[in-house]
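Below: one structure, written as structure tokens.
FYI, it's all coordinate maths here, none of it is from the lab. Please read these numbers as outputs of a predicted model, since none were measured by experiment. Cβ placement follows ideal geometry from the backbone for every residue including glycine, while neighbour counts extend to all protein chains displayed.
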Amino acid sequence: MKRKSGRNARKGMAAALAVTLAIGGQPLSRMTGAVPVFATEAEDAGDDLLIEDTGEEVAVHEGADLEALRAAQEQETEAQTDGIELEDPQLQLEPASAEKLQEYLDNLNQMESPIGSDGELIIGRYIKNVMKELGYTVSEQSFHEGFLNEAGVDAPGVNIIAERGADAEERHRDILIICTHYDSRTSPEEGDPLSNDKSGAAVLLEMARILSYEETDTDICFLFLSGEEDGLYGSANFVKSLDEEHKNRVAGVLYAEAVGYGPEYVYQLKTLDGQENDLGNLVREEGLFSETMILPMPGGAGTQDGQPASGSREEGSGQTGKTDEESENAAAQGRQDWNYTPDSQTGQKLFAEAGLTAVTVCQNVEEAWAGTADSLISETDETEPGEQEAGTAEIDMEDLQKITDILASAVGQIMSETTASFLH
């Protein structure tokens, strides 16, 4: 259940570009050294991609006048809420679209995409086109790890970086990184589901679409990593490119992969040491809220009798939370989701080792994957919906929508200028 809001006017967005089935244009360039922020080489954005607090990086969609759009939103808000006391001042995000998620998955799953392959270049081009259409500033970070592509050439891995500067009236210098990988294994084995796990990339594309309509007081970076399946090469090269100034500005790294496989698979929060952190707790709170459909307490979300509750986000605290009562209600449902577990296998490991707050959100599907062939989208399988073979794990669109909404809501709170800086 979504929390009530006085701002729910949303603007339509053009459909994302279809996958290009042949590589054209200029070849991807090799990394030539670090440049400001995350990019090594920019496309259509000039040489300097340093995210400043001017908000000038944010594109206005479809030529609409931003002031006119805001005025229309305010006018509709006044008409809808005149004389009504809102239960929660937070923005209500547009729900994730099953149609868009399916479109993204279909295009991302057109082919395998091992590091340095033609398939990775094609899938990468599709991701870049979608993110440009959504108004993000897109660049590439190329790196070589000695992998040979189909033609026997030492082709580079390519991290895709899509950025958006803060555009709220009051802005922080925080940078939030939301990332996943879009590559598949170089030598997949039978039953290896991660040879073609693109659900995380689909979720990020839909999150980027939903959040593109919202103002942000935090600089946002969507990061699609290459070479993760064969040794976390994408995250290693990205972390290595960060200078101390920008490391100090990173409020958190949210890594998503292996998500959307259905309600029978438990969601986990993976950190390097298995201990909780503020970013993971924020995701956990949104997940528990979604599971139990808890209504906000009187006086607003995160309050008890109109006063801030224990763990709620207050000015300067850098934290956002549900009330203790809400958390207890969630625990009473017997859910096993959102527990922390140690992790040294996903990209969050390298971000954490660099001193950044990082968490991976994923489902525990390893047992279902063991000894089975890949089975990604139920609509493309021979089995009828609800009749998947024992031991396989298929994308469940309702679950994919749910996790997209959970992660978008968590990020939306960090973006909102009603919340304090997430950095301590």
For CYS362, residues with placed amide H under 5 Å, excluding near neighbours: GLN268, LYS270
In sequence order, calculated HN-Hα J values of region 403-408 (Karplus, 6.51, -1.76, 1.60; Hz; x Gly/Pro): 5, 4, 5, 4, 5, 5
Each residue of region 164-172 in turn: what ³J(HN,Hα) in whole Hz from Karplus with 6.51, -1.76, 1.60 and θ = phi - 60°, glycine and Pro shown as x? 8, x, 4, 10, 6, 4, 10, 10, 9
Protection proxy ranking, peptides 147-155, 394-402, 107-115, average beta carbon neighbours within 10 Å, highest first: 107-115, 394-402, 147-155
Find, among the trypsin sites (Lys or Arg not before Pro) in region 161-258, those assigned to loop by DSSP (not H, G, I, E, B) with at most 13 other beta-carbon atoms within 10 angstrom. none
Integer Hz, Karplus 6.51/-1.76/1.60 couplings in order for region 122-135, x for Gly and Pro: 5, 4, x, 5, 4, 4, 4, 5, 4, 5, 5, 4, 7, x
